[in-house]
Amino acid sequence: MGKASLPFSKDRRSELPRFCDCEKDGVHRLVHRRLRLRLNPFPMQSKAKFLGHPLHPILIAFPLGLLPVAVLFDCIHLGTGNGLWAQIAYYLIAVGVLGGLLAALFGTIDWLAIPAGTRAKRIGSLHGAINVAVMALFALSWWLRRADPTKPGLLPIVLGIVALGLAGVAGWLGGELIYRLSVGVDEGAHLDASNSLTHRSARD
Ligand code: HEM
């Protein structure tokens, strides 16, 4: 099973050697942290799972599915002058933002479990902050068109387009968290790992 198969299973992690007790200065702490991460590269399994898989990547389908379509319908409204497209966008934004807030809750649970001082923590913070800004911009866009959703005007549509661009950046950071920094990946994951529903370690 290649590099990922390390001799330390979960219940033996307490046996991880402490190199010395003088974790006083920064250099020592840095060395200790790097060594611990090298000995156990899967320190952050998802804490919020459904049927064995992280909930956050499941729930992000709502904002990342509905909000881009809302922006598309706004653009069709601009192109055709037909208010029906803007009205549909109005409802898509409402459900997209509510779905995003729910997704953000479970993303935050996973982010809180990421060890401090790691690149994953920094990328996670940036990812979360940008996504909160994205939700705020779409919420403002929705709020500004409340009076007559069929005639939103230009500002709410521009806010949606800007927010979509930011969501793209945040989405890339989210992918970096999983595919590059292994956040949310099961310990010992490999191509022949057992079924997640067995609750057995992926290493077994
Ligand atoms: C609406 C808001 C959000 C969206 C659309 C979103 C989107 C994403 C995407 C696209 C990924 C990568 C998933 C994949 O490639 O399968 C991801 C992963 C992740 N996001 Fe978010 N995110 C949002 C809010 C947040 C917030 C507020 C946090 C907290 C800081 C957060 C923390 C994470 C974490 C820790 C991961 C790694 C996978 C996991 O452990 O679940 N996300 N997110």
- [ ] Scan the stretch 111-121 residue by residue and report those that are within 11 Å of the ligand (Cβ to nearest atom) and loosely packed, with under 14 Cβ neighbours inside 10 Å.
- [x] L112
Task: Matching residues, the stretch 64-92, being of a type in the set (F, W, Y) and in contact with a Phe, Trp or Tyr (Cβ under 7 Å, 6 or more places away or on another chain) - done: F73, W85, Y90
Open item on the list: Among the residues that make up the stretch 128-142, is at least one of them in contact (Cβ under 8 Å) with a residue 24 or more places away in the chain, open to solvent by less than 50 Å² (accessible area, probe 1.4 Å), closer than 30 Å to G26 by Cα and touching a Ser or Thr at 6+ places or on another chain (Cβ under 8 Å)?
Closed with: yes
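With the condition being at pLDDT below 65 and open to solvent by 90 Å² or more (accessible area, probe 1.4 Å), I'd like the helices (runs of 4 or more DSSP H) fully within the stretch 1-84 carrying at least 2 qualifying residues. Before the answer, list the steps.
Working: elements: 26-39, 55-59, 61-80.
The helices (runs of 4 or more DSSP H) meeting that bar are 26-39.
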- [ ] Those residues that are open to solvent by less than 40 Å² (accessible area, probe 1.4 Å) and touching a residue at least 60 places away in the same chain (Cβ under 8 Å), I need them from the stretch 85-104; list them, please.
- [x] A86, A89, Y90, I93
Task: Scan of the stretch 130-150 for residues that are in contact with a helix residue (DSSP H, G or I) (Cβ under 6 Å, 6 or more places away or on another chain) and either more than 16 Å from the ligand (Cβ to nearest atom) or not assigned by TED's automatic domain parsing to the domain that holds G83 (or both), ordered by number - done: L144, R145, P149, T150
Open item on the list: Looking at G188, G160, G175, G184 in this structure, which one is open to solvent by less than 40 Å² (accessible area, probe 1.4 Å), within 15 Å of the ligand (Cβ to nearest atom) and either at positive phi or outside the structural domain of L112 (by TED's automatic domain parsing) (or both)?
Closed with: G184
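The values are calculated or read from the model by the stated rules, or taken from the named source; none is laboratory data. Keep in mind that what you see is a predicted model, and the values were worked out from it rather than measured. Methodologically, a virtual Cβ is constructed for each residue, glycine included, from the backbone with ideal geometry; neighbour enumeration extends over all protein chains shown. Protein only, heavy atoms only, side chains kept; ligands, DNA and RNA dropped before computing areas. Shrake-Rupley method; radii C 1.70, N 1.55, O 1.52, S 1.80 Å.
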